[in-house]
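The values are calculated or read from the model by the stated rules, or taken from the named source; none is laboratory data. Keep in mind it's a predicted model, so treat the numbers as computed, not measured. Cβ atoms come from the backbone with ideal geometry, glycine included; neighbour counts cover every protein chain shown. Side chains included, ligands, DNA and RNA excluded: accessible areas come from the protein's heavy atoms. Shrake-Rupley method; radii C 1.70, N 1.55, O 1.52, S 1.80 Å.
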Amino acid sequence: MLTNLLKFLKGYVVIRLSGYSPERFLNLCSHHRIILWGLRSVGTEYEMCISISGFRRLRPLVHKTKTKVVILERHGLPFMLYRYQNRKLFAAGALLGAVILYGLSLFIWNIHVEGNYSLSDEVILDYLESIEIVHGMAKREIHGEEIEAALREHFPEITWTSAEVKGTRLIIHVQENEDVIPEKIPKEEPADLKASNSGTIVSMIVRSGTPAVTEGMEVKKGDMLVESLVEILDDAGETANTYYVHADADIQIQRTEHYQASFEMKYIKKEYTGRTKTSFYLILGKKRFDVRFWHPDTYEQFDSIASELPLKITENFYLPVILGKNVEQEYVPSETTYTKEEAVARAKEEWSLFFEKLRRKGLQIIENNVKIEISGGVCNAEGDYVVEESAVQECTPKQEEPTQEEPAEEREET
């Protein structure tokens with residue numbers, strides 16, 4: 001890549017060599033350190049590439065070998081500049097375009113939010129606008145730490161956020177409560193293990209630390225599971241030494257939760273008529289310009305589907321121009337009642353999505369006793385379900401005694 005760039009900047013020509021002794025000519029070029037590339041035979045002649053500086057040194061070699069050199073093609077920046085030397089407006093336009101392009105790259109033209117579920121993009125963007133984080137602002141005015149702190153303070157649902165600038169995009173990464181990952185204490189520091197949820201311990205494998213509970217025990221949130229304090233006993237069974245470790249264990253806790261969801265059997269069904277209206281619009285910065293090919297009156301009842309195409313030059317260089325398309329689909333609303341089969345199918349789909357969400361958070365569904373009942377025009381799904389998880393939380397212990405290193409001999413016996 002770099003070699004090709006240097007060739008383009010210095011310029012080169014494609015020549016055709018013919019005559020009595022072309023092989024001698026090539027040997028002399030090698031002797032005088034004239035670089036040739038792309039050499040190929042065309043009948044009794046040769047074609048090759050040579051730099052402009054190298055071409056200027058060929059005259060004595062051509063005369064000496066009684067050969068003939070003809071230029072076939074010219075490539076590179078020097079020839080481009082020569083070709084357009086009389087077109088000053090073209091050069092000025094190219095320079096102006098480069099300056100405008102560079103100027104546009106100094107601003108934020110797209111703010112993208114990802115990782116949000118309960119909070120919509122519009123809510124977050126509206127708040128960012130209220131603190132003067134808007135499209136078209138200068139990149140030098142973006143302070144990521146201030147944006148992150150403001151988002152966490154304004155939205156309690158957000159537990160972690162990150163703001164980064166890529167090209168002309170401001171990307172806001174957020175993480176909400178349901179996806180909280182507890183902080184881990186470094187392995188070199190002592191740590192206790194406590195229960196992060198209430199339930200029954202169904203399995204327990206301790207690798208380091210002192211177990212405070214056993215399998216089958218009921219624990220509450222915050223109860224000690226494995227202590228970091230390890231005691232070494234002497235022959236009389238008394239404590240000879242103590243030291244702290246980073247407790248490590250695989251503990252599965254099982255608990256029972258209650259599920260309840262309901263919906264009305266009557267609902268509004270949309271019967272689409274097949275009639276649609278399509279309009280287009282153009283967004284320049286904050287201004288929107290609508291283009292309609294029909295009367296602006298809309299249908300009495302309709303769904304509106306909008307699709308937008310932000311214009312960009314590169315993957316991350318978004319321009320303040322958006323092409324949009326809006327389709328309105330007319331429908332006639334009618335009050336309908338679910339059949340028993342339809343209601344049961346919807347209720348099962350809802351709880352399946354609920355349980356799938358729990359699985360993505362690392363919980364195992366051990367038992368499901370949810371039942372569906374239809375009564376008084378309401379479909380109700382209710383019941384208990386049993387989940388199993390590694391509900392373990394690391395905590396810094398209160399070291400009442402000085403931490404001591406475990407003797408080597410006793411460590412081996414342990």
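Structure summary
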quantity	calculated
Amide H contacts under 5 Å for His112, placed H, 5+ residues apart	Leu170, Ile171, Ile172
Point-charge dipole on Cβ atoms (K/R +1, D/E -1) for the chain, about Cα centre, debye to 20	6600
At R0 = 51 Å, FRET efficiency that the Cβ-Cβ distance of Met217 and Glu145 yields, to 0.05	0.70
Carbon and sulfur %, accessible surface of the chain computed with the full protein complex present, 1.4 Å	52
In degrees, nearest ten, helix 22-31 long axis to first principal axis of the chain (Cα)	60
Rounded, prolate or oblate (a/c below 1.5 giving rounded, otherwise prolate when a/b exceeds b/c) for the stretch 147-262 by Cα gyration tensor	oblate
Under the Karplus curve 6.51 cos²θ - 1.76 cosθ + 1.60, θ = phi - 60°, whole-Hz ³J(HN,Hα) for the stretch 233-250, x wherever Gly or Pro sits	9, 8, 5, 7, x, 9, 6, 9, 7, 9, 7, 9, 10, 8, 4, 9, 7, 9
Electrostatic dipole magnitude of the stretch 198-354 [Cβ: Lys, Arg +1; Asp, Glu -1; Cα centre; debye, to 20]	1460
Residue with peak Gaussian network fluctuation, the chain [Cα springs, cutoff 10 Å], from Tyr331, Tyr46, Tyr259	Tyr46
Heavy-atom accessible area order for Leu119, Leu96, largest first, 1.4 Å probe	Leu96, Leu119
Prolate/oblate/rounded call for the chain, Cα gyration tensor, a/c under 1.5 rounded	oblate
Length-normalised contact order of the stretch 182-246 in % [C-alpha pairs under 8 Å, at least 6 apart]	36
Relative contact order (%) - the stretch 335-401, alpha-carbon pairs under 8 angstrom, separation at least six	27
C-alpha long axis of helix 88-104 to longest principal axis of the chain, angle in °	10
Solvent-accessible heavy-atom area per residue, rounded to whole Å², over the chain at 1.4 Å	66
Phi-based couplings in Hz for the stretch 35-48 (Karplus 6.51, -1.76, 1.60; Gly and Pro marked x)	7, 10, 8, x, 6, 8, 8, 10, x, 8, 10, 10, 10, 7
Cα-based Rg of the stretch 82-233 normalised by 2.2 N^0.38 Å, two decimals	1.83
Gained length - Thr276 relative to Ala91, 0.36 nm times residue gap less alpha-carbon distance	61.7 nm
Phi-based couplings in Hz for the stretch 268-276 (Karplus 6.51, -1.76, 1.60; Gly and Pro marked x)	8, 9, 9, 9, 6, 7, x, 7, 9
Cβ-derived FRET efficiency at R0 51 Å, Leu284 paired with Val332, nearest 0.05	0.85
Gain in span if fully extended, Asn369 to Thr239, counting 0.36 nm per residue against the direct Cα distance	41.9 nm
Segment Thr396-Ser105, length gained on full extension (0.36 nm per residue, minus Cα span)	100.0 nm
For the chain: relative contact order, % (alpha-carbon pairs under 8 angstrom, 6 or more apart)	13
Between 0 and 90°, nearest 10: helix 340-360 axis offset from the chain longest Cα axis	80
Counting DSSP beta bridges with both ends in the chain, the antiparallel % (nearest 5)	95
